[in-house]
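The values are calculated or read from the model by the stated rules, or taken from the named source; none is laboratory data. The structure presented is a predicted model; accordingly, all values stated were derived computationally and were not measured. Positions of Cβ are generated from backbone atoms using ideal geometry, with glycine treated the same way; all protein chains shown enter the neighbour counts. Protein only, heavy atoms only, side chains kept; ligands, DNA and RNA dropped before computing areas. Shrake-Rupley method; radii C 1.70, N 1.55, O 1.52, S 1.80 Å.
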Amino acid sequence: MTEFKNIVVTGGAGFIGSNFVHYVYNNHPDVHITVLDKLTYAGNVNNINMLFDSGRVELVVGDIADPEIVDQVASKADAIVHYAAESHNDNSLKSQDEFIQTNFIGTYTLIQAARKYDLRFHHVSTDEVYGDLPYREDLPGHGEGEGEKFTDKTPYNPSSPYSSTKAASDLIVRAWVRSFGLKATISNCSNNYGPFQHIEKFIPRQITNILSGIKPKLYGDGKNVRDWIHTEDHSSGVWTILTKGQMGETYLIGADGEKNNKEVLEDILTRMGKDKDDYDRVTDRAGHDLRYAIDNSKLRTELGWTPKHTDFESGLQATIDWYRENENWWKAEKDAVEAKYAETQKVLDK
Ligand code: NAD
Ligand code: TDX
């Protein structure tokens, strides 16, 4: 039995939020979940609608920056788990308003409501708030798994409009804990992969490119390192922090999954029966962070969390299979997503 019976999950129709909704639904049958989601381009009701008949999951379509709707859902809840965000770095380089509005004002609106109703609040954030780490050319694989990693003591140093608005949201949560006794925890997680990820993101973009007869696109030299974690492990980490975390604490979630983009792309191509060099190198993302790496020891030792999906190769294969088997989920959007990327590339190539 869990202490929280009615939780609000913001952004629960998006990639990671919907995976969390499934995780709680499957593992904690005494919990009722209200998803508050604006259903932006990244939100998809099909990620969660198979759970509605149970009566344990409901969707309220609304904006987290709207105090009225937030008050309405908060008044009936005992905890808020906050995933909703504008989440894509490339989009944040083109237009910033919605990042400020959702990531900063939205978080502000939620913590004011959490304060009013004295709710438990968990804020889901990203390792990108810490900026990036150097890698060492002298180590095999350019130093993935070696050297410095992010901890909860690493100074904030965000690079992009996306990561800076996430950093700003983390800081107001911290200040509300200190000034108003908000019962909040924060988690900063590394790059997620798995089912239901929007096809604008790296792994699903390349899988669906290959399935659509389009060459995968690698930014720059592909040496950038991401610390991949299966989204189900992110969910179990958030649940662990929600139920066992110390108020005011920040926990980093990662599963020791460092890989550079080139090797991930070559792995996808090989698994899908293509030549490993059968991709286009395109102009790099502006301000592209080099390496992320998480030191997860605080979450492991203080709260006893362990990731389950530690074999990236089998997780990647299952993800490829999921996109192959669920073409209906992504096909209609593919042309528009690629047309938007083609416009971005034109600007970058100038
Ligand atoms: P996503 O873009 O797939 O989903 C975001 C969801 O939020 C969508 O359902 C969207 O409709 C909803 N949303 C957006 N603006 C809203 C608003 N104003 N009001 C209500 N709902 C709104 O994002 P994701 O990749 O699932 O990321 C979820 C969270 O996890 C974000 O806070 C992100 O910063 C964080 N995070 C993501 C990763 C990653 O690898 N994707 C890693 C670490 C942390
Ligand atoms: O087509 C591509 N080619 C490419 O080489 C795309 C879309 C990306 N990339 C590179 C850029 C990154 O180094 O792949 C890496 C991963 O890119 P994204 O999927 O856009 O993720 P990233 O920018 O690392 O951010 C993700 O992880 C942290 C999420 O989108 C964020 O929401 C999260 O906070």
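Mind listing whichever residues of the range 53-84 are more than 23 Å from the chain's Cα centre (by Cα), of a type in the set (D, E, K, R) and assigned to a loop (DSSP other than H, G, I, E, B)?
Hits for the range 53-84 are R56, K76, D78.
Looking for something at pLDDT below 95, open to solvent by 20 Å² or more (accessible area, probe 1.4 Å) and not hydroxyl-bearing (S, T, Y) - is there at least one such residue anywhere in the range 52-68?
No, that holds for no residue.
Only one of E327, E302 is more than 20 Å from the chain's Cα centre (by Cα) and touching a residue at least 60 places away in the same chain (Cβ under 8 Å); which?
E327
Within the range 34-47, is even one residue assigned to a helix (DSSP H, G or I) and either at pLDDT below 95 or open to solvent by 70 Å² or more (accessible area, probe 1.4 Å) (or both)?
yes
Give the residue, chosen from S87, S95, that is hydroxyl-bearing (S, T, Y) and either more than 30 Å from P158 (Cα to Cα) or over 17 Å from the mean Cα position of the chain (by Cα) (or both).
Answer to the selection: S95.
Here are some conditions: (1) in a helix (DSSP H, G or I); (2) under 23 Å from G254 (Cα atoms); (3) within 11 Å of ligand 1 (Cβ to nearest atom). D90 meets all but one. Which one does it not meet?
All conditions are met except number (3).
Could you check how many residues of the range 225-256 are touching a Phe, Trp or Tyr at 6+ places or on another chain (Cβ under 9 Å) and either within 12 Å of ligand 2 (Cβ to nearest atom) or of a type in the set (D, E) (or both)?
Total satisfying the criteria: 11.
If a residue has to be open to solvent by less than 50 Å² (accessible area, probe 1.4 Å) and of a type in the set (S, T, N, Q) to count, how many in the range 251-302 make the cut?
The number of residues fulfilling the criteria is 3.
Does T2 qualify as being among the hydroxyl-bearing types (S, T, Y) and farther than 27 Å from Y193 by Cβ?
yes
Of the residues Y108, Y156, Y117, only one is at pLDDT 95 or above, surrounded by fewer than 22 Cβ atoms within 10 Å (Cβ to Cβ), of a type in the set (S, T, Y) and under 14 Å from N188 (Cβ atoms); which?
Going through Y108, Y156, Y117 in turn, just one is at pLDDT 95 or above, surrounded by fewer than 22 Cβ atoms within 10 Å (Cβ to Cβ), of a type in the set (S, T, Y) and under 14 Å from N188 (Cβ atoms): Y156.
State the number of residues belonging to the range 93-133 that are assigned to a strand (DSSP E or B) and more than 14 Å from K166 (Cβ to Cβ).
3
When the range 173-188 is examined, which residues are found to be within 14 Å of ligand 1 (Cβ to nearest atom) and over 21 Å from D289 (Cα atoms)?
Those that are within 14 Å of ligand 1 (Cβ to nearest atom) and over 21 Å from D289 (Cα atoms): V173, I186.
Can you confirm whether the range 17-26 contains a residue that is small (G, A, S), open to solvent by 50 Å² or more (accessible area, probe 1.4 Å) and modelled with pLDDT of 95 or more?
Checked against the condition, which is being small (G, A, S), open to solvent by 50 Å² or more (accessible area, probe 1.4 Å) and modelled with pLDDT of 95 or more, the range 17-26 yields no hits at all.
Condition first: out of contact with any helix residue (DSSP H, G or I) (no Cβ under 6 Å at 6 or more places or on another chain) and near ligand 1 (Cβ under 7 Å from one of its atoms). Can you find one or more residues in the range 15-26 that meet it?
For the range 15-26, residues out of contact with any helix residue (DSSP H, G or I) (no Cβ under 6 Å at 6 or more places or on another chain) and near ligand 1 (Cβ under 7 Å from one of its atoms): present.
Listed residues W330, W305; which is open to solvent by less than 50 Å² (accessible area, probe 1.4 Å), part of a helix (DSSP H, G or I) and among the hydrophobic types (A, V, I, L, M, F, W, C)?
W330
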